[in-house]
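Visitor: My structure is below; once you've seen it, I'll send some questions.
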Amino acid sequence: MSLLAVRDLSVAIGAASPVEGVSFDIAAGETFALLGESGCGKSMTALALMRLLPDAARIAGGSVQFAGNDLCALSEAQMRGVRGGKIGMIFQEPGSSLNPVMTIGAQIAEALNVHADSVDGNRVVELLAAVGIPDPQRRATEYPFQMSGGMKQRAMIAMTLAGEPELLIADEPTTALDVTIQAQVLDLLDGLRRQRRMAILLISHDLGVVAQMADRIGVMYAGQLVEVAPRAAFFATPGHPYARRLFAALPNAASRQYRLATIPGSVPPLGTLHAGCRFAERCGEVLPICRVQVPPWREHAPGHAVRCHLDALLSQKVGAGETASASLPTGSGTPLLEVADLRVHFPIRRGVLQRAVGHVLAVDGVSLRLDAGRTLALVGESGCGKTTVGKAILGLQAPTAGMVKLHGALMHGLAPAAMQMVFQDPFGSLNPRLRVEEIIAEGSPTARVDELLQQVGLSADMANRYSHEFSGGQRQRIAIARALAVKPILLICDEPTSALDVSVQAQILNLLTDLQAQLGLAYLFITHNIAVVDYLAQEVAVMYLGRIVERGTVDEVLRGARHPYTQALLAAVPKIEGGNEYLRVAGDPPSPANPPAGCHFHPRCPRAVARCREAYPEAEALSATHAACCFLAGAK
């Protein structure tokens, strides 16, 4: 019997329908995932279930049955007893969901006040302990800014559990988290589901997370469900052309020598009137009937239904015919960038005279080498110093010590125009008061703006528009065009695809590979996305707490990792195919202001021995290109 039964749910904002005719069921103890790109209506569906729609929106039709009650028929007073109690919700960004002027314990106690008969101080501590927060007694007295992203997300889960929900709605609960912390949060949610027999509605655009967590999956596009299937059936034979293209757009080792398949265009904007299939304009198999008639639901297999006119295509395998044979560059091997013993230490100042009482060792002895036409990926958790390395190389951050050479010439101060940076957030790095042509011409007034726009896959008529008029993927293309205006030979790319949907990510990765082949560019690619590394890079350097702990070719590091931290990163990546022989670790990285004695990773390493606590290991050469800083690296 279903705990939640949604039937023909529709949401209206004026004449627009961001959610239309959505139906699905969730049983107690089951995880149902809503999958799709940004703008497909996933979060709006969740807000409608909770009756938390913005003022301009309203439920225009359908029913939401929860534990035998129609939530759409309840008064607001009755709904307050359900919301946060029987149904809890974890929002995407815990930092903006927690009250910054209240302690974590006070916020959990507030939830207990609403949904429990009495508030026991011990109960707050018990809830924090239940979500795996160490030293819960002390943490209850802390404010959100004193916690890491993973800690804040756990505190949000503890607050949600205060109402003892039967249904938990998790809206992109791990989007802003590092892969290791993401694995901890996902394990926590799945453990709570099993322990409490709690149902979960998981909203995500990450196929790996969905493969790990979901029992059943609903694929959403432009406000409608287009496919519903059990997990195994969906990942074996996705039926809808949209779902198949999401799979084909995923970067991996198998697609390294080819261009990634992309989905042309973008999700239709709110207010678009649809005559037939909503995916027709982006579908490579579109038929005339698709543009004029809404496709019916077809039973592909027991429990696996697809909304599509294309019967013959429903049994095709993932990615059939999706890739093109455009070889990626191999590089010339010419030395381009050399970084030796780079250090960036930030002083900690206290007292009236602001004397330095210590240092934050953000970067603590990093050495790198990058050849022309090649891609070196720099990976690690947030706070390990990756971005600071990039800024120090460019001269945007003054190094404390070390050497940076470009083509053998020693760099002092700001790097020459031959080195450029593409930042993680294109919206924040583009001047909102300038038109695109002014943004691109800012670094080089003689640049041919129309040619640069076409080079990054944009049309010349976009030059007179402002950055806010573009999508996230288009803004990132503009940022790349601005960098190319000064004809660089090295681009430092700081998480350039982290905020993008998988389909848009594929477009940007294809663009970067094309530009590398055409212009011979070298990339220092800063990321925590291992799949992107496997597709784009030739070499990898793994960073932990300001130092490189393992480096080598992609195959050596990703398929023959020898440092326990590298193995932990790989183990934490949600995989569609499942299975992993590596270890997992708990906890957050230590503070770079007070790194542990000995190997910095030993407090989190399950393989640590006494020697690890006493001395930092030197890099051990495992091959001509592969080295790891671990006492056990040479052990089989």
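Visitor: Please return the ranges of helices (runs of 4 or more DSSP H) entirely within the stretch 407-483 where 3 or more residues are closer than 23 Å to residue 373 by Cα.
Guide: Output list reads 449-455.
Results for (1) modelled with pLDDT of 90 or more; (2) buried (at least 23 other Cβ atoms within 10 Å of the Cβ); (3) among the charged types (D, E, K, R); (4) touching a Pro at 6+ places or on another chain (Cβ under 8 Å), shown as yes or no for each residue.
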{"residue": "148", "(1), (2), (3), (4)": "no, no, no, no"}
{"residue": "161", "(1), (2), (3), (4)": "no, no, no, no"}
{"residue": "166", "(1), (2), (3), (4)": "yes, no, yes, no"}
{"residue": "169", "(1), (2), (3), (4)": "yes, yes, no, no"}
{"residue": "179", "(1), (2), (3), (4)": "no, no, no, no"}
{"residue": "182", "(1), (2), (3), (4)": "no, yes, no, yes"}
{"residue": "188", "(1), (2), (3), (4)": "no, no, no, no"}
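Visitor: So which residues in the stretch 590-605 are more than 22 Å from residue 146 (Cα to Cα) and surrounded by fewer than 16 Cβ atoms within 10 Å (Cβ to Cβ), if there are any at all?
Guide: Residue satisfying the conditions is 597 alone.
Visitor: Let me ask something else. If you scan the stretch 405-433, which residues turn out to be farther than 12 Å from residue 475 by Cβ, surrounded by 15 or more Cβ atoms within 10 Å (Cβ to Cβ) and modelled with pLDDT of 90 or more?
Guide: 405, 406, 419, 420, 421
Visitor: Which of the residues spanning the stretch 256-279 are farther than 19 Å from residue 473 by Cβ and either in contact (Cβ under 8 Å) with a residue 60 or more places away in the chain or buried (at least 20 other Cβ atoms within 10 Å of the Cβ) (or both)?
Guide: 256, 257, 258, 271, 277, 278
Visitor: Among the residues of the stretch 244-259, are any farther than 17 Å from residue 208 by Cα, touching a Ser or Thr at 6+ places or on another chain (Cβ under 9 Å) and at pLDDT 85 or above?
Guide: Yes, that holds for at least one residue.
Visitor: Check off (1) surrounded by 23 or more Cβ atoms within 10 Å (Cβ to Cβ); (2) closer than 30 Å to residue 529 by Cβ for residue 192 and give me the number that stays unchecked.
Guide: That leaves (1) as the condition not met.
Visitor: Which residues, counting only those in the stretch 495-539, are of a type in the set (Gly, Ala, Ser) and modelled with pLDDT of 90 or more?
Guide: 506, 517, 520, 522, 531, 537
Visitor: Next up: Restricting to the stretch 243-276, what's the tally of residues that are closer than 20 Å to residue 205 by Cα, of a type in the set (Gly, Ala, Ser) and in contact with a strand residue (DSSP E or B) (Cβ under 6 Å, 6 or more places away or on another chain)?
Guide: Final tally of qualifying residues: 1.
Visitor: Condition first: modelled with pLDDT of 90 or more and either in a loop (DSSP other than H, G, I, E, B) or surrounded by 23 or more Cβ atoms within 10 Å (Cβ to Cβ) (or both). Now tell me which residues in the stretch 559-583 satisfy that.
Guide: 560, 561, 562, 563, 564, 565, 566, 568, 569
Visitor: Given the condition in contact with a helix residue (DSSP H, G or I) (Cβ under 9 Å, 6 or more places away or on another chain) and in a loop (DSSP other than H, G, I, E, B), answer yes or no: does some residue in the stretch 538-548 qualify?
Guide: yes
Visitor: Output the residue which, of all residues in the stretch 484-507 that are touching a strand residue (DSSP E or B) at 6+ places or on another chain (Cβ under 9 Å) and assigned to a helix (DSSP H, G or I), is farthest from residue 404 (Cα to Cα).
Guide: Here the answer is 506.
Visitor: Is it the case that some residue within the stretch 518-527 is under 21 Å from residue 252 (Cβ atoms), within 16 Å of the chain's Cα centre (by Cα) and of a type in the set (Val, Ile, Thr)?
Guide: Scanning the stretch 518-527, I find at least one residue that is under 21 Å from residue 252 (Cβ atoms), within 16 Å of the chain's Cα centre (by Cα) and of a type in the set (Val, Ile, Thr), so the answer is yes.
The values are calculated or read from the model by the stated rules, or taken from the named source; none is laboratory data. Predicted, not measured: the structure shown is a model, and the values here were computed from it. Don't worry about glycine lacking a Cβ; one is built from the backbone with ideal geometry, like all the others, and counts go over all protein chains shown.
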